[in-house]
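The values are calculated or read from the model by the stated rules, or taken from the named source; none is laboratory data. Owing to the predicted nature of the structure, the values given are computational and were not obtained by experimental measurement. Glycine also receives a Cβ, built like all others from the backbone with ideal geometry; neighbour counts cover every protein chain displayed. All accessible areas refer to the heavy atoms of the entire protein, side chains included, with ligands and DNA or RNA removed. Shrake-Rupley method; radii C 1.70, N 1.55, O 1.52, S 1.80 Å.
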Amino acid sequence: MRRGRWSERGRVYLITTVTDGRVPLFDEILCARAVVRALIRAQALGQADTLAYVLMPDHLHWLMSLGDAAELSLVVRAVKSLSTREIGRPVWQRGFHDRALRREADLRQAARYIVANPLHAGIVSRVGEYPHWDAVWL
């Protein structure tokens with residue numbers, strides 16, 4: 001764990017992690033789907049509840065609630081490891097950025113910001129045109 005990182009079960013975190021060398025691997029549909037499957041697996045194992053995510057060409061934004069028996073660094077490591085194994089080549093830079101959201105924070109507003117990333121980046125003209133995102137509020 002990095003110095004100062006606190007892992008609180010049930011806390012909502014915004015995770016950002018980038019590809020090694022910022023290579024746009026997730027322009028490739030099979031690579032993108034491998035990451036989505038890793039997020040689904042983390043949820044199935046009770047490690048994290050995914051509230052929203054967007055998989056940009058070279059990075060992931062993931063809004064999640066940490067599971068009861070999980071540690072933040074281990075959950076992120078598991079998602080990165082599983083997706084790397086499935087893709088079959090190096091994928092991620094070391095580490096990740098996390099931001100714990102306060103319980104009173106507007107989670108829907110955070111989710112809207114996350115899923116609008118492709119729109120703000122100029123990749124699409126409408127959020128619905130981008131294939132690699134989801135949010136529980138839909």
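Some points to look at:
- Test: residue in the stretch 46-57 that is touching a residue at least 12 places away in the same chain (Cβ under 8 Å), of a type in the set (Gly, Ala, Ser) and assigned to a loop (DSSP other than H, G, I, E, B): yes
- Scan of the stretch 57-99 for residues that are of a type in the set (Asp, Glu), under 18 Å from residue 34 (Cα atoms) and in contact with a strand residue (DSSP E or B) (Cβ under 8 Å, 6 or more places away or on another chain), ordered by number: 58
- From the list 78, 70, 44, the one residue that fits, being open to solvent by less than 10 Å² (accessible area, probe 1.4 Å) and either among the aliphatic types (A, V, I, L, M) or farther than 22 Å from residue 113 by Cβ (or both), is 70.
- Residue 10 meets all of the listed conditions (1) in contact with a Ser or Thr (Cβ under 7 Å, 6 or more places away or on another chain); (2) of a type outside the set (A, V, I, L, M); (3) surrounded by 16 or more Cβ atoms within 10 Å (Cβ to Cβ) but one, namely (3).
- Qualifying residue in the stretch 129-137 (condition: open to solvent by 30 Å² or more (accessible area, probe 1.4 Å), part of a strand (DSSP E or B), touching a residue at least 12 places away in the same chain (Cβ under 8 Å) and closer than 21 Å to residue 23 by Cα): yes
- Residue satisfying condition, being assigned to a loop (DSSP other than H, G, I, E, B), of a type outside the set (Val, Ile, Thr) and surrounded by fewer than 13 Cβ atoms within 10 Å (Cβ to Cβ), within set 99, 94: 94
- Residue in the stretch 24-38 that is exposed (fewer than 13 other Cβ atoms within 10 Å of the Cβ), part of a helix (DSSP H, G or I) and touching a residue at least 60 places away in the same chain (Cβ under 8 Å) present: yes
- Check on residue 109, farther than 14 Å from residue 17 by Cβ and modelled with pLDDT under 95: yes
- Looking across the stretch 64-91, the residues that are assigned to a loop (DSSP other than H, G, I, E, B) and in contact (Cβ under 8 Å) with a residue 40 or more places away in the chain come down to 67, 68, 69, 70, 71, 90, 91.
- Selection count where residues are in a loop (DSSP other than H, G, I, E, B), on the phi < 0 side of the Ramachandran plot, open to solvent by 40 Å² or more (accessible area, probe 1.4 Å) and free of Cβ contacts under 8 Å to residues at least 40 places away in the same chain, scope the stretch 104-124: 2
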